[in-house]
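Structure, as structure tokens:
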Amino acid sequence: METVIELRSVQRSFVTEPDLADRIASMFGAKSSAGTLRAVDGVDLAIAEGEVVGLVGESGCGKSTLGRIVAGILPQDTGDVLFKGRPMVDKTRCKDGSGLGVQMIFQNPASALDPRQKIIDAITEAPIAHGLIKRSEARDFAIRALERVGMREDALDRYPHQFSGGQRQRVCIARALAVNPSVVVCDEAVASLDVSIQAQIINLFLDLKEELNLSYLFISHDISIVEHVSDRIAVMYLGQIVELAPTRELLENPQHPYTRALLAEVPSLDARLSEEHALTGELPSPLNPPAGCRFHTRCPIATETCRSDMPRLELLNGGHQVRCPVVQTKK
Ligand SMILES: Nc1ncnc2c1ncn2[C@@H]1O[C@H](COP(=O)(O)OP(=O)(O)O)[C@@H](O)[C@H]1O
Ligand SMILES: [Mg+2]
């Protein structure tokens, strides 16, 4: 299978300004929480044509930052992002449509849509601006785009607030697909929806993937959502991928202690894991991550080396990669 998206050693930091509480605290000698925060720290990842890669990890581990880099709406500081083998153009500055190949769906469809824009305009604005369709074709185009996501023509002249959350997310999906992307980044795309609606939208994503041969980077903090859609799952911790494997392999044979801890929190999965591997301790601040292995402060099997040496993501077998020297040497 052809690779559509490839990330090579991608890094992205944010400089955080001290807030009032920080400044007061530092007057009293406390360590400020302001500084440079590495949200994405050396990520390598390739997504194939028609493939769904799930990305999981606790809140703040860098999933959205990585998703926005893949979607070309946030530039990386260092490293390469290749779309079909070519460096991705920064879409925020690109007017020729060359950055349209990757689109993004966000968690909150209400804020993703302009409340004053009719559905027809939300869907046809980008394809008209990029010369993919003529203004005179807009109505027919929008009808087809809505049908594809299971909505009817009568939605065209209405406004976002007139729809439910699930329908608004369908509109966002129709809008994203209107520019014929190859890849869609879904960032917590069903997290704001009722459980009954979540399944419908997930099924829609799967149907559209088959119909249009799309690739997805499917981001969720909830591994039980990701497992239904993903061919492979990547587990992220403090800006790094710590494990990446085909979905079944990851669920049935998790290797990294962090993955095992995450899976132990999913009630439907192996109950033995929950005894053995419950996650302890606080998530360290990404402003001041632990030296060596980022996970060693919470790891039940950490050795002395783990406190000083940063492990690499190594291939075990069958496309299973893990960033843990302890389980690597056991294999
Ligand atoms: N624009 C920003 N400015 C400063 N810090 C940010 C910004 N965006 C994200 N961060 C920080 O980067 C880290 C990763 O955030 P994010 O990618 O949103 O994680 P996730 O999606 O996994 O919850 C967090 O510590 C977050 O506070
Ligand atoms: Mg996020």
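Read-outs: derived from the displayed coordinates by stated rules, not from any lab. Everything numeric here is computed off the predicted structure, so don't read it as measured data. Virtual Cβ from ideal backbone geometry, glycine too; neighbours counted across all protein chains shown.
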For Glu314, the residues 5 or more places away or on another chain with a placed amide H closer than 5 Å to its own amide H are Val322, Arg323, Cys324
Stretched fully, the stretch from Ala199 through Tyr159 gains (0.36 nm per residue minus C-alpha distance, one decimal, in nm) 11.9 nm
For region 1-67, Rg(Cα) over 2.2 N^0.38 Å is 1.60
About its Cα centre, region 193-268 carries a charge dipole, from +1 on Lys and Arg Cβ atoms and -1 on Asp and Glu Cβ atoms, whose size in debye to the nearest 20 is 200
Computed about the Cα centre, the charge dipole of region 1-158 from +1 Lys/Arg and -1 Asp/Glu charges at the Cβ has a magnitude in debye, to the nearest 20, of 300
Residue-ordered couplings for region 61-78, obtained by feeding phi - 60° into the Karplus form 6.51 cos²θ - 1.76 cosθ + 1.60 and rounding to whole Hz (Gly and Pro as x), are 7, x, 4, 5, 4, 5, x, 5, 5, 4, 6, x, 9, 9, x, 7, 7, 9
Once normalised by the length of the chain, the mean sequence separation of its alpha carbon contacts under 8 Å that are 6 or more apart gives a contact order in percent of 20
Answer in debye to the nearest 20: the dipole magnitude of the chain about its Cα centre, from +1 Lys/Arg and -1 Asp/Glu charges placed on Cβ, is 640
Ranked by GNM mean-square fluctuation in the chain (Cα springs under 10 Å), the top entry among Asp194, Asp22, Asp231 is Asp22
The equivalent-ellipsoid semi-axes of the chain, taken as the square roots of five times the Cα gyration tensor eigenvalues and listed largest first in whole Å, are 36, 23, 20
Across Ser220, Ser13, Ser308, the residue with the highest GNM fluctuation in the chain (Cα network, 10 Å cutoff) is Ser308
With -39,500 (n - 2.57) per DSSP H segment of 4 or more residues and division by the full residue count of the chain, the 222 nm estimate, nearest 500 deg cm²/dmol, is -9000 deg cm²/dmol
The chain: longest segment with zero exposed GluC sites (Glu not before Pro), where exposed means DSSP loop plus at most 12 other C-beta atoms within 10 Å, is residues 3-281
Amide H neighbours of Gly35 at under 5 Å, excluding residues fewer than 5 places away on the same chain, with H built from the backbone geometry, are Thr16
Within the chain, pairs of Lys residues whose Cα atoms are less than 25 angstrom apart, provided they are eight or more positions apart or on distinct chains, add up to 11
Taking every DSSP bridge whose two residues both lie in the chain, the antiparallel percent to the nearest 5 is 60
Per the rule of 0.36 nm per residue minus the C-alpha distance, extending Ala291 to Lys118 adds in nm 57.2 nm
Summing +1 per Lys or Arg and -1 per Asp or Glu among the other residues with Cβ less than 9 Å from Asp41's Cβ gives +3
Output row, site Met1, 7 Å Cα→C-beta label point, backbone N cut-off 17 Å, window region 245-263, residues 245-251
proj_area_mean for region 163-252 (convex hull on C-alpha atoms), units nm², value 6.4
